[in-house]
Amino acid sequence: MPAELRGGNEDPNFQNGPRRSWPFSIMAQKDGSDNNRQPSPRPKSSDKMSDASPTPPATATAQRLVKRYRVEVAASASSVLSSFTTFPLDSVKTRMQTYQYDGFRDCVRRTYETEKLRGFFRGVMAPMVSITLVRTVSFSIYQRSKNFYCDWIKRNFGVDVMGHVSSPGSYPNLWSVATFGAAGATAGSCITVVACPFELTKLSAQVSVLMADKKNCPRPESHAVAASYQNKGTFKTLSTIVKHRGFAGLYTGFSFHLLRDTLGTGTYFMTYESSKQLLTTFGGHGAHSDPFAVLVAGGLCGIVSWALIYPVDSAKSRYQRNALMYSKGQKVEPVKIEFFQPHMYRGLGVSMARSCAVNAVFFSSFEFLKKRIKAMDDE
């Protein structure tokens, strides 16, 4: 009789256990499994969760792209925020540049009386699109230009500009200031091609009500052209400009715009990078880690750049305003750039306050988002 049926202790699998254990022993042998095999350990709860909800490939790819283009993503989001919150100040600035008011308060009062709150946000969609696009492209070009110039200087002169800037306790020098200025000027000259049509559209929307007033028209026959821009949205304004001045009319005042953005953007980035480096050093913090330095440097770069280029911007605004009152082929009165003349600085205080607020908000948001995106987990 087989040992399994004798009921004795000869069965090594029995070990004083009940006979109902036999079928399980027989089944295990039929399956060819090892009777002495230990049961596999249970998976941990964290393993279950990771197996149950793995990161989708599309999400992982999106995270990698966002991290790769974090400068552009952070610039776009920050631009929307800063542009919308400070647009009323830009509207007041443009009105004071192109028409006569008895100061900031008079401009605000008369605008509200005639156009209500909507008047301060008239034309907001054009800059929301253009400034976001321009800033994104500008920062992308600036970053690549800065890397190019740094590599060129290091290769030809043996000076590591970024190594010096990122060193704790360092101060701006001629190489760093020149590099940031050149990279900014490169970015500014490139983005003019994109920005000019949108800025012309914004200006048209901001002063359309004032242009439609007959007393502000230089000639009676220009009133019909000027009045055609009143109370129209961004795309209708663009089509109206093309109707009266052709597609080339979208680049009215391009030379003024190119000069303003080349000088202004070069000064802008040069001031921001250098002042942030100084403030970080004075504060005793590591490179790029002091939010206060970013806030102050952002506000300061807007003030300094506008103080330099404001007469150029005033000439641009006046020339574009004049051109909108004429049709294609008609001669537009020229406008001269005059530095240190009081009439060329009308609205400068508003512009500097607005630029300080815009760039303080922008750079604070930009640096914060860039750090958060860089810290994202790819897995």
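The values are calculated or read from the model by the stated rules, or taken from the named source; none is laboratory data. Predicted model only: the values in this text are computed from it and were never measured. Virtual Cβ from ideal backbone geometry, glycine too; neighbours counted across all protein chains shown. Heavy atoms of the whole protein, side chains included, go into the accessibility calculation; ligands, DNA and RNA do not. Shrake-Rupley method; radii C 1.70, N 1.55, O 1.52, S 1.80 Å.
Summary of computed values
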quantity: Members of the stretch 310-332 that are part of a helix (DSSP H, G or I) and open to solvent by 20 Å² or more (accessible area, probe 1.4 Å); calculated: ARG318, TYR319, ARG321, ASN322
quantity: Looking only at the stretch 168-210, and only at residues there that are of a type in the set (Phe, Trp, Tyr) and assigned to a helix (DSSP H, G or I), the one that is farthest from THR136 (Cα to Cα); calculated: TRP175
quantity: Residue count, the stretch 362-379 (criterion: among the β-branched types (Val, Ile, Thr) and modelled with pLDDT of 90 or more); calculated: 0
quantity: Subset of the stretch 40-88 that is acidic (Asp, Glu) and modelled with pLDDT under 85 - its residue that is farthest from the chain's Cα centre (by Cα); calculated: ASP47
quantity: Of all residues in the stretch 153-167 being of a type outside the set (Asp, Glu) and more than 27 Å from the chain's Cα centre (by Cα), the one that is nearest to ASP290 (Cα to Cα); calculated: VAL159
quantity: Residue match in the stretch 225-248 (condition: crowded, with 17+ Cβ neighbours inside 10 Å, over 21 Å from VAL335 (Cα atoms), of a type in the set (Ser, Thr, Tyr) and under 28 Å from the mean Cα position of the chain (by Cα)); calculated: yes
quantity: Pair list, Cβ < 7 Å and 6+ apart or interchain, from the stretch 333-353 residues that are open to solvent by less than 80 Å² (accessible area, probe 1.4 Å) to residues that are of a type in the set (Lys, Arg); calculated: VAL335/ARG318; GLY347/LYS93; VAL350/LYS93; SER351/LYS93
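Residues are listed down the side, and each one gets a yes or a no for (1) among the hydrophobic types (A, V, I, L, M, F, W, C); (2) more than 29 Å from LEU308 (Cβ to Cβ); (3) open to solvent by 50 Å² or more (accessible area, probe 1.4 Å):
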| position | (1), (2), (3) |
| --- | --- |
| PHE148 | yes, no, yes |
| ILE153 | yes, no, no |
| HIS164 | no, no, yes |
| TYR171 | no, no, yes |
| CYS190 | yes, no, yes |
| LEU210 | yes, no, no |
| CYS217 | yes, yes, no |
